[in-house]
Amino acid sequence: MGDMQEQATPAEVSGYCPMFQQTVELIGRRWTGAIIRSMLAGSVRFSEILANVPGLSDRLLSERLRELEASGIVKRTVYPETPVRIEYELTEKGRELKAIVHALDEWTHKWGSPQG
C-alpha cells in the first residue's frame, strides 16, 4: 500500500462557505425541517402538513412554503376544481434532502436532543 494523499473536502479547504451558510439558514429556519420531513413522508396538502407539525401556525406554514417554492425545493400546483385544490410536492432538489433528514435523524437518535 502506497502513501496516498486524500483529496481535501470543501470543508477542509475553508472554514467558511457562503453558499453552505445560505443553505443552512434556509433549511434551518424554524419549522422548515419539520415541513420538509412531513412532505418526505407524503403530505401534499396544506392541511396535512399543518396537522403533522404540531405548533405550526397556518401563517408560518404559508410563509415557509413560499420560501421553499422560491428556492426551488417545493412545487405548488393549483387544480382548478370546485373547491380549488392546491398541492405541494418536493422537487428533485427537495427530494435530495431526504439523505440529510435521515442523517439528522440518526445523529439525533445517537446523541439525543441538541441541548442534551
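Observations on the model:
- A residue that is in a strand (DSSP E or B), under 20 Å from PHE20 (Cα atoms) and β-branched (Val, Ile, Thr) cannot be found anywhere in the stretch 101-113.
For every residue, the table says whether it meets (1) loosely packed, with under 11 Cβ neighbours inside 10 Å; (2) touching a helix residue (DSSP H, G or I) at 6+ places or on another chain (Cβ under 9 Å).
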position	(1), (2)
LEU61	no, yes
GLU69	no, no
VAL74	no, yes
PRO80	yes, no
PRO83	yes, no
LEU90	no, yes
GLY94	no, yes
HIS109	yes, no
GLY112	yes, no
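- Scanning the stretch 39-59 for residues that are surrounded by 12 or more Cβ atoms within 10 Å (Cβ to Cβ) and either outside any helix (DSSP H, G or I) or touching a helix residue (DSSP H, G or I) at 6+ places or on another chain (Cβ under 6 Å) (or both) gives LEU40, SER43, VAL44, ARG45, ILE49, LEU50, ASN52, VAL53, LEU56.
- ILE36 vs. criteria modelled with pLDDT under 95 and either surrounded by fewer than 16 Cβ atoms within 10 Å (Cβ to Cβ) or not basic (Lys, Arg) (or both): no
- Just so you know, in the stretch 96-107 the residues that are out of contact with any Lys or Arg (no Cβ under 7 Å at 6 or more places or on another chain) and surrounded by 11 or more Cβ atoms within 10 Å (Cβ to Cβ) include one that is farthest from ILE73 (Cα to Cα), and it is TRP107.
- Of all residue pairs spaced 6 or more apart or on separate chains, those with beta-carbon atoms under 6 Å, a first member in the stretch 46-59 that is within 22 Å of TYR79 (Cα to Cα) and a second member that is among the small types (Gly, Ala, Ser) are ILE49/SER38; ILE49/SER43.
- Members of the stretch 75-100 that are aliphatic (A, V, I, L, M) and outside any helix (DSSP H, G or I): VAL78, VAL84, ILE86, LEU90, LEU97
- Pick from the stretch 19-33, criterion hydrophobic (A, V, I, L, M, F, W, C) and part of a helix (DSSP H, G or I), ranking: surrounded by the most Cβ atoms within 10 Å (Cβ to Cβ): ILE27
The values are calculated or read from the model by the stated rules, or taken from the named source; none is laboratory data. Nothing here was measured: the structure is a model prediction, and the numbers come from that model. Cβ atoms come from the backbone with ideal geometry, glycine included; neighbour counts cover every protein chain shown.
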